[in-house]
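Single-structure report; data block below.
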Amino acid sequence: MTDQTTAAPARRLELTLRAVVLGCLLAVIFTAANTYLGLQVGLTFASAIPAAVISMTLLRALKNSTIWENMTVQTVASVGGAMSAIIFVLPGLVMVGWWLEFPFWESVLICVLGGILGVTFSIPLRRALVVNGGLPYPEGVAAAEVLKVGSPGADQSDEAVRENKAGLWVVVWGAIVSAAYALGVSARAFAGEAARFVSLPAALGGGATGIGVGMQFALLGAGHLIGLAVGLAQLFGLFLAWAIAVPIMTSLEYIAWCQSLGLDSIAAGLAGAPAEELAGTVWAREVRFMGAGVIGVAAIWTLIKLAGPLVGGVIGALAANKARQSGETLDIVEQDIPITWVAMLSLASLGGIGVLLTVVANSMGLGSAGPLLVIGGLIYVVVIGFAVAAICGYMAGLIGSSNSPVSGVGILAIVVASLLMLVVLGITGLPADPSVVAFALIVTAIVFAVAVIANDNLQDLKTAQLVEATPWRQQVALIIGCVAGALVIPFVLNQLNAAFGFEGGPAGIADQPLAAPQATLISALARGVISGDLRWDLIGVGAAIGVAVIILDEILRRTSGDKIKLPPLAVGIGFYLPAAVTFMLVIGAVCGFLYNRTVAGRSYGEVARRMGVLLASGLIVGESLFGVFNAATIVATQNADWAAVLPLSEGWPAMIVGIVVFAALTFGLYSWIIRRSATV
């Protein structure tokens with residue numbers, strides 16, 4: 001492929017070997033960090049900005065480095081990190097008992113083949129959504145600002161050089177503090193979570209409830225990044241779950257009502273249990289399904305709102321490709337991978353998916369139903385895959401790839417896939433055994449890989465547009481990033497599975513199962529739909545709550561001029577995630593808001609705001625990488641308490657010490673980066 005414009009420089013350093021190698025190294029780091037974070041809390045973070053800062057600092061030693069090389073590094077690293085969101089589905093195969101561990105090549109191929117389709121499916125959407133869509137792409141624009149300020153060039157100031165160097169140290173020290181605190185928790189110097197459960201008096205129904213806060217810097221950093229509006233919406237979901245749903249569903253009246261109707265109530269089987277066991281079990285096995293209903297309705301509402309713009313965008317993209325094929329000369333910033341190459345890459349990926357699904361179907365012993373399942377799976381991947389690529393690309397442009405509700409799309413995808421499997425069972429007469437559930441999860445995992453890469457792809461291409469990078473080179477970098485991220489995911493998942501295990505799956509060495517919230521929900525939905533015992537009543541109640549939240553959000557937006565919002569998906573996530581996780585995310589969102597408000601209006605305010613993003617990224621990376629290291633050490637030593645050099649810390653004293661240390665470190669870090677920003 002060659003540039004088709006005489007305006008291009010004679011030698012444009014962009015997709016260089018050094019940029020690709022550095023990008024792949026960062027992709028491995030961010031993928032491992034995001035994998036751990038996603039399994040802990042159900043969230044991943046955008047790694048584009050920290051990757052850009054690290055790239056600019058390291059490549060500065062090379063006199064001829066360019067902004068476009070830094071763009072390439074950022075692209076490879078960020079898409080590798082985005083690929084880690086596949087863990088929202090893959091652990092479900094362990095939870096349903098089909099896999100005992102994550103087979104390397106099957107896991108890699110699911111990620112790579114789905115990821116390439118995510119790139120190729122979103123290429124026709126670039127002009128419609130990135131160039132002509134009028135979408136804000138907040139993270140893409142922010143990354144472009146960082147690249148313009150910090151990359152070598154005529155406009156680069158000494159201040160920008162100093163900011164780059166300072167920013168790298170902010171990421172490093174944030175990571176060190178975060179990892180050190182996590183090590184202190186493992187060493188049992190203090191508790192890593194403060195929680196309190198209470199039994200309610202008979203006058204309030206005699207139920208139980210509780211609240212907790214996870215003292216984890218990764219959560220604090222994630223909360224800083226999601227922002228105040230999303231954080232408060234999650235707090236509202238937390239309130240609905242733990243102040244209303246859990247007390248009601250653990251109350252004596254509710255238990256008696258369930259017994260009178262002959263319903264299989266978890267609460268009925270735990271009557272008289274301690275408050276923590278009662279509230280925790282009811283939340284995990286009943287209330288979370290209500291949260292799934294909220295998330296599902298919110299995702300459907302999002303799709304309805306996006307239907308018109310998506311159709312118009314696809315039509316515009318096809319028209320632009322037709323103009324190119326007619327021989328129109330395109331500027332360098334408009335040169336995508338040619339549509340013929342896109343078609344060949346898509347067909348090659350679909351061929352690989354067909355082979356993979358055939359091997360999987362044969363290994364499952366699905367017999368004569370195999371060909372029908374494979375053909376149906378391919379059609380499903382094409383139709384649903386392209387739809388989610390468009391939806392996720394649009395949502396990334398609207399609210400950012402970190403806030404884009406790809407998990408909601410995944411939930412809808414598994415429900416549709418499971419319903420289609422029921423049709424196949426009806427045609428072929430196959431029994432609804434775990435192999436059918438596993439096949440539905442594998443097909444959904446491929447579609448999910450399409451979704452998460454499309455979600456990240458268009459965000460990166462917005463950055464490329466703003467810094468005048470070549471689209472086709474960025475698209476090649478995206479594919480390289482897919483491969484780099486995919487290669488590390490099975491290794492990290494196997495270490496975490498062996499060390500800790502996942503909820504609902506076999507216990508790990510430490511017997512401290514990771515929550516893996518999306519994978520838990522998606523696997524439960526697949527099993528429930530196919531076996532016919534899904535708690536549709538609970539999902540229906542959640543759906544009703546979701547409708548009410550949507551109405552409330554629309555009222556707030558219209559009466560406040562769009563200044564006050566209650567994002568329904570964020571409410572659903574707050575409803576669904578563990579209370580300790582949600583509460584710390586809210587604290588992080590409030591801390592980020594107060595920090596940004598403190599530095600706003602100061603001469604160094606914009607520098608300080610960027611430093612805050614880098615600190616949050618460092619906090620996430622540090623704790624997450626320690627988590628991966630901790631898992632590997634547990635597996636190597638076969639000792640879950642290898643770091644426990646201090647006496648076991650439990651009870652209120654340990655909680656209080658943990659809270660004090662965590663608060664002091666948080667205040668110290670934010671104060672430090674304000675001082676650093678003032679001296680840049």
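The values are calculated or read from the model by the stated rules, or taken from the named source; none is laboratory data. Keep in mind the model is a prediction, meaning the values are calculated, not measured. Note: ideal-geometry Cβ built from the backbone for every residue, glycine included; neighbour counts use all protein chains shown. The area values use the complete protein model at the heavy-atom level, side chains included, leaving out ligands, DNA and RNA. Shrake-Rupley method; radii C 1.70, N 1.55, O 1.52, S 1.80 Å.
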Calculate the all-directions average of the projected area of region 605-644's alpha-carbon convex hull, and give it in nm².
3.1 nm²
Quick check: residue separation of residue 383 and residue 343 times 0.36 nm, minus the Cα distance between them. What number comes out in nm?
12.9 nm
With unit charges on the beta carbons (Lys and Arg positive, Asp and Glu negative) and the dipole taken about the Cα centre of region 572-675, which residue among 642, 582, 657 sits farthest to the positive side?
582
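If the chain between residue 597 and residue 183 were fully stretched, how many nm would it gain, using 0.36 nm times the residue separation less the Cα-Cα distance?
Between residue 597 and residue 183, full extension yields an extra 145.9 nm.
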In nanometres, the difference between 0.36 nm per residue of separation and the alpha-carbon distance of residue 256 and residue 606 is 120.2 nm
Row for region 502-578, column shape: gyration tensor on C-alpha, a ≥ b ≥ c, rounded if a/c < 1.5 i.e. under 1.5, prolate if a/b over b/c, else oblate; value oblate
All lysines inside 21 Å of residue 305 as judged from Cα atoms, apart from same-chain residues fewer than 8 positions distant:
563, 565
Along Cα→Cβ, 7 Å out, is where each label goes; now give me the distance between the ones at residue 557 and residue 660 in nm to one decimal.
4.7 nm
Let's test the formula: R0 of 56 Å, r as the Cβ-Cβ distance of residue 64 and residue 372. What FRET efficiency results, to the nearest 0.05?
0.50
Heads up, region 534-599 by the C-alpha gyration tensor (a ≥ b ≥ c square roots of eigenvalues; a/c under 1.5 rounded, else a/b over b/c prolate, else oblate) looks oblate
Counting only Cα atoms, I'd like the Rg/Rh figure for region 399-510, Kirkwood definition for Rh.
1.08
Any chance you could look up the accessible area of residue 278 with a 1.4 Å probe, heavy atoms only, rounded to 10 Å²?
10 Å²
Taking the radius of gyration and the Kirkwood hydrodynamic radius from Cα positions alone, what is the Rg/Rh ratio for region 414-479, to two decimal places?
1.29
Label-point separation, residue 104 to residue 196 (7 Å along Cα→Cβ), nm:
5.1 nm
Does region 518-649 come out rounded, prolate or oblate by the C-alpha gyration tensor, with a ≥ b ≥ c the root eigenvalues, rounded set by a/c under 1.5 and, if not, prolate when a/b is larger than b/c and oblate if not?
oblate
